[in-house]
Structure formats: C-alpha cells, structure tokens
Amino acid sequence: MKNFVFASLLLVSFASASFAQKGKGVAEGTGYYLPRTELRFTVKIEKTSYTPGEFAKYAEKYMKLTDVQANPSVAYRILGIDVNSEGERDTSKYYILPADSKRNIRSVRLDENGVLLAVNAEPREIEAPVTFKAAPKPVPLDPHEYMNEDILAAGSMAKMAELCALEIYDIRDSKSMLSKGQADFMPKDGEQLRIMLDNLDLHEKALMQLFAGVTVKDTTEAVVRFVPTKTADKLLLFRFSKRLGITDADDLGGNPYYVSVEDKHVMPSIQDGLLSQKKAKNNGGLYVNMPGKIKVTLFNGNEEWIAYELYAAQFGETVALDEGLFGKNIFTKVVLNPVTGNLESIDIEDIKK
C-alpha cells in the first residue's frame with residue numbers, strides 16, 4: 001500500500017516554498033497533483049526448460065524412445081494476461097489548496113507522489129498489486145544416486161546405458177509382481193505396499209532421466225505499463241517470442257501484441273451545486289477529475305484478444321469545486337478516487353451553532 005503523506009494546513013506544507021515563486025498574491029497552502037490513469041498488463045508466462053540426459057543417444061536403442069532431443073532447449077508461452085489500472089502523478093495538473101482562516105480545512109491527505117487523496121477525511125485504502133510468488137520447485141533427482149555398483153563400474157557410456165536400461169526393466173517387473181500380489185516378498189499391509197511402489201517409482205524416474213532428459217516448467221510474470229493519452233489504432237505494446245519470451249519492441253523475432261484505444265465520450269455526472277461557478281485564481285482551490293470512459297483492446301497479431309473498458313482521468317475534464325463547500329460554518333469531507341481523481345464521496349456537515 002502506498003504511504004500517505006499528511007499535510008496540515010495549520011503548518012505550511014512541503015510545497016509552500018514553491019508557491020511563493022509562482023507569483024505575487026498566491027496564498028500559502030498545500031500543493032497537490034491530480035492523477036492520470038495508467039494501465040498495468042501483467043503477462044503470465046510459462047517457461048519450459050529441457051535438459052537432455054547423459055544417455056540420450058541410446059534412448060531409442062534401449063528404451064524405444066524415438067522423440068528424445070539431444071540438445072537443451074527453452075520454450076515460452078503466454079498463459080494469460082491480467083489488466084489493471086493505477087493512478088500516477090499528472091505533472092500537468094498541479095494545484096494549490098489555500099490555507100487561511102476563511103476555509104475550514106483541517107487535513108489534506110496526499111500519497112507519496114503528492115497526488116491528492118482526501119480532504120478532511122481518511123483516504124480510500126490503496127491496494128498494492130499482489131506480488132508474484134513462484135511455486136516451490138521439487139528437489140531435483142540425481143540419477144547417479146540410484147545406480148547400482150555394476151552400473152557405476154561399467155567401463156564405457158554404452159555399457160552404463162545398457163545396465164541402466166536392464167535396471168529399469170527389472171524395476172517395472174517388480175512393480176508388476178507387487179501389484180498382482182505375486183512378489184516373493186509381499187508387504188504385510190496396504191501402507192507398506194504403497195511405500196514400496198512409491199520407492200520403485202522414484203527409482204525408475206531417476207534412471208529414466210538419463211535417457212529421456214529432464215523437463216522443468218516455471219511460471220513467471222512480466223509487467224508491461226501503458227499510459228493511454230489519445231485514441232489509437234494498434235499501437236505496438238510488446239513482442240513475444242517462443243524462444244526468448246517478451247522481447248524489445250524492435251526485435252522482429254517476436255510476435256507483435258498491439259493495443260487500441262477508443263474514446264467512448266462518456267463521463268460520470270457530478271452532483272448539482274458542487275462545482276465552482278467561476279475559475280479559481282492562480283490554480284488555487286480544490287480540483288477534481290471527471291474521467292472519460294475508454295475501451296482498450298489488446299491484439300495478438302491481427303487477432304483481437306482482450307477488450308477492457310475503464311475510466312481514465314486524461315480522457316475527461318478537470319473541474320473546480322465550489323469554495324463555499326469549505327466555509328467556516330461547514331465541515332466537508334472529500335475522498336477522491338486514487339486511480340482517476342474523480343469525486344468518490346463527499347459528506348457535508350453544517351456546524352453552524
């Protein structure tokens with residue numbers, strides 16, 4: 001969660017020094033930004049790594065495996081994409097909330113980047129993106145620990161491969177006899193039988209790696225950020241290669257993924273009587289965004305893949321709230337949306353005695 005910065009108007013805020021530089025007649029107060037909306041594409045990627053076994057060239061001869069690769073390889077594929085929106089500081093929307101005796105403003109809450117979150121109220125909690133954690137990997141098997149003395153003493157790689165193959169077939173025969181209840185030494189109960197079969201499976205798996213190799217799959221995440229600023233048709237967002245994963249945009253070896261932005265020309269309404277009827281002087285006062293709705297479409301090459309609608313601050317308007325909302329006889333609590341900067345809630349209390 002982002003750290004909140006508490007700015008008290010009774011004490012001059014961190015930005016007050018810069019206010020005096022902006023021109024004569026500017027009241028002291030708290031400087032703040034409104035946000036712009038950023039898209040966060042979280043790409044889930046599966047990485048498959050293959051390592052050939054020591055006896056890969058004997059796999060067909062002894063184990064009848066015809067599709068064993070002799071060289072290591074790495075392959076990537078996209079499992080899915082999550083789309084989320086976040087707010088970031090819009091440097092073009094910098095304003096000053098004056099501090100004087102005429103206004104009943106007791107507290108201002110900003111995030112760590114100076115974006116306004118609330119006035120006279122607690123801000124909405126900002127949920128941080130969930131940190132990706134890879135699943136724990138099983139401990140890799142060392143086939144040499146499962147080789148008997150005859151295999152280890154063999155004088156050539158070919159002989160070792162032959163003896164390993166015979167050991168694997170013996171293990172399979174033992175599992176078959178145990179399953180049929182025909183082994184010379186049968187376990188006393190079902191639990192002992194399960195343990196014996198598990199041990200034989202592990203032994204076989206370890207030795208088979210020498211022929212078939214080892215394939216390991218990992219799931220990773222890559223985050224691609226995009227700030228839509230205008231309507232667009234198929235902007236290149238990123239490229240993806242089955243051999244390299246996400247690549248640079250200019251790497252033509254990767255398949256292109258494009259993003260299109262459509263302005264829906266829809267803005268949320270705001271309650272009558274809240275907006276200022278005159279322009280605030282010197283950018284002073286409380287401003288909020290009225291975000292516009294957009295449709296964002298992600299393309300895999302020329303194929304439409306994901307369509308997502310959201311409100312984005314930069315596609316709407318910025319308006320000033322009426323100064324009377326913070327008069328001496330009124331206590332107004334305002335909470336802004338941290339992603340779009342729009343008025344999320346407002347509570348007006350008459351404190352006149």
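Relative to the longest principal axis of the Cα atoms of the chain, the long axis of helix 157-180 makes an angle of roughly 90 degrees.
Take every Cα pair under 8 Å in the stretch 43-131 that's 6+ residues apart, average their separations, divide by the length, and report that relative contact order as a whole percent. The partial results should precede the final answer.
Numbers: 80 pairs, mean separation 20.2, N = 89.
Computed value for the stretch 43-131: 23 percent relative contact order.
For the stretch 121-229, GluC sites (Glu not before Pro) are listed when DSSP marks them as loop and at most 15 other Cβ atoms sit within 10 Å of their Cβ; the list is 125, 127.
The Cα-based radius of gyration of the stretch 138-222, divided by its Kirkwood radius, gives an Rg/Rh of 1.07. Ligands, DNA and RNA left out, the 1.4 Å accessible surface of the chain is 49% carbon and sulfur atoms. Using only the C-alpha atoms, the convex hull of the stretch 185-322 corresponds to 268 Å³ per residue. Mean sequence separation of contacting Cα pairs (under 8 Å, at least six apart), scaled by the length of the chain, corresponds to a relative contact order of 23 percent.
Taking the C-alpha atoms only, the angle from helix 190-212 to the longest principal axis of the chain is near 90 degrees.
Note on residue 82/residue 104: beta-carbon distance plugged into 1/(1 + (r/R0)^6) with R0 of 35 Å gives a FRET efficiency of 0.25.
Amide H contacts of residue 315: 292, each under 5 Å away and 5 or more positions distant or on a separate chain (H built 1.01 Å from N in the peptide plane; Pro and chain starts excluded). All C-alpha to C-alpha distances of the stretch 89-160, sorted into 10 Å bins beginning at zero, yield P(r) values of 13, 21, 14, 8, 8, 7, 10, 11, 5, 1 percent in whole numbers. Among the trypsin sites (Lys or Arg not before Pro) in the stretch 288-339, those located in a DSSP loop and surrounded by at most 16 other Cβ atoms within 10 Å of their own Cβ are 328. Across the chain, Cα-Cα pairs more than 24 Å apart make up 70 percent of the total. On a per residue basis, the convex hull of the C-alpha atoms belonging to the stretch 309-353 measures out at 66 Å³. Accessible area per residue for the chain, computed on protein heavy atoms with a 1.4 Å probe, is 58 Å². Whose amide H sits under 5 Å from the amide H of residue 69, counting only residues 5 or more places off or on another chain, with H placed in the peptide plane? Counting only residues 5 or more places away or on other chains, the set is empty.
If the Kirkwood radius is taken over C-alpha pairs of the stretch 190-245, then at 4 °C and 1.567 mPa s the Stokes-Einstein diffusion coefficient equals 77 µm²/s. For residue 286, the residues whose modelled amide H falls within less than 5 Å of its own, excluding neighbours fewer than 5 places apart on the same chain, are 321. Computed with every protein chain present, the accessible area of residue 51 is close to 80 Å² [probe 1.4 Å]. Roughly speaking, what is the centre-to-centre gap between the stretch 194-232 and the stretch 75-151 when only Cα atoms are used, to the nearest Å? Rounded to whole Å, the Cα centres lie 26 Å apart. Note on the stretch 39-136: Cα Rg divided by 2.2 N^0.38 Å, N the number of residues, gives 2.22. With contributions of -39500 (n - 2.57) from each DSSP H run of at least four residues, the per-residue ellipticity at 222 nm computed over the chain stands at -5500 deg cm²/dmol.
The values are calculated or read from the model by the stated rules, or taken from the named source; none is laboratory data. Being a predicted model, the structure only gives us computed values, none of them experimental. In this analysis, Cβ positions are derived from the backbone assuming ideal geometry, glycine residues included, and neighbour counts consider all displayed protein chains. Accessible surface areas use protein heavy atoms only, side chains included; no ligands, DNA or RNA. Shrake-Rupley method; radii C 1.70, N 1.55, O 1.52, S 1.80 Å.
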